[in-house]
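The values are calculated or read from the model by the stated rules, or taken from the named source; none is laboratory data. What you see is a predicted model, and the numbers here were worked out from it, not measured in a lab. Cβ placement follows ideal geometry from the backbone for every residue including glycine, while neighbour counts extend to all protein chains displayed. Areas reflect the complete protein model, heavy atoms only, side chains present, ligands, DNA and RNA absent. Shrake-Rupley method; radii C 1.70, N 1.55, O 1.52, S 1.80 Å.
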Amino acid sequence: MKSPIPEAVFTDEGPVLDANKLLRMRGYLDMEGFREIIGEFETGIRQQLVNLGSLELSPSQIEAICHDLINFSGTLGMCELMSSAERLREFARRNARADVVTAQMELRRAGDRAVAALNAYMGGVDGG
């Protein structure tokens, strides 16, 4: 099966989505199961991005959100999102408030790009 998008989608920051990870996952599941799992991951990512927008998050809350995003993005091959979540988590651990705010904005943008790339990929799988 040929990937509907290039092996990885690139932005100035690096790869957004490594389609090979999704192809490997797809190989273990029927199409219905694959779409269901991908949908659950996408919902989890979207929810954590919403949670990240909450006012006055403590460093430990930010770390928990980042932990989930790192797990989701690593599983799906969302390289830029994973890197952004790791960076934000590190700033939260150091309680670097100014860096946290900037990193939160970057993470939300990376999340939007990752979800868009995932949707483009899924739209091309077996004709959408």
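Exactly one residue among R35, R87 is surrounded by fewer than 17 Cβ atoms within 10 Å (Cβ to Cβ), basic (K, R) and not in a loop (DSSP other than H, G, I, E, B), and that residue is R35. Of the residues making up region 62-72, at least one is modelled with pLDDT of 95 or more and either polar (S, T, N, Q) or open to solvent by 60 Å² or more (accessible area, probe 1.4 Å) (or both).
Of all residues in region 45-56, those satisfying the criterion of being under 20 Å from the mean Cα position of the chain (by Cα) and assigned to a loop (DSSP other than H, G, I, E, B) are G53, S54. Here M82, M122 are screened, and the one residue that is in contact (Cβ under 8 Å) with a residue 60 or more places away in the chain, in contact with a helix residue (DSSP H, G or I) (Cβ under 9 Å, 6 or more places away or on another chain) and assigned to a helix (DSSP H, G or I) is M122. Only a single criterion out of (1) assigned to a loop (DSSP other than H, G, I, E, B); (2) surrounded by fewer than 17 Cβ atoms within 10 Å (Cβ to Cβ) is not satisfied by L23, namely (1). Would you call L81 in contact with a Lys or Arg (Cβ under 9 Å, 6 or more places away or on another chain), of a type in the set (A, V, I, L, M) and open to solvent by less than 20 Å² (accessible area, probe 1.4 Å)? Spelling it out, L81 is indeed in contact with a Lys or Arg (Cβ under 9 Å, 6 or more places away or on another chain), of a type in the set (A, V, I, L, M) and open to solvent by less than 20 Å² (accessible area, probe 1.4 Å).
Condition test on E42, is it in contact (Cβ under 8 Å) with a residue 40 or more places away in the chain, open to solvent by less than 60 Å² (accessible area, probe 1.4 Å) and either in a helix (DSSP H, G or I) or over 19 Å from D18 (Cα atoms) (or both)? It is true that E42 is in contact (Cβ under 8 Å) with a residue 40 or more places away in the chain, open to solvent by less than 60 Å² (accessible area, probe 1.4 Å) and either in a helix (DSSP H, G or I) or over 19 Å from D18 (Cα atoms) (or both). Taking every residue in region 47-72 that is closer than 11 Å to Q104 by Cβ and pairing it with any residue that is of a type outside the set (V, I, T) and open to solvent by 40 Å² or more (accessible area, probe 1.4 Å), at least 6 positions away or on another chain, the pairs with Cβ-Cβ distances below 6 Å are L49/R108; I65/N51; C66/R89.
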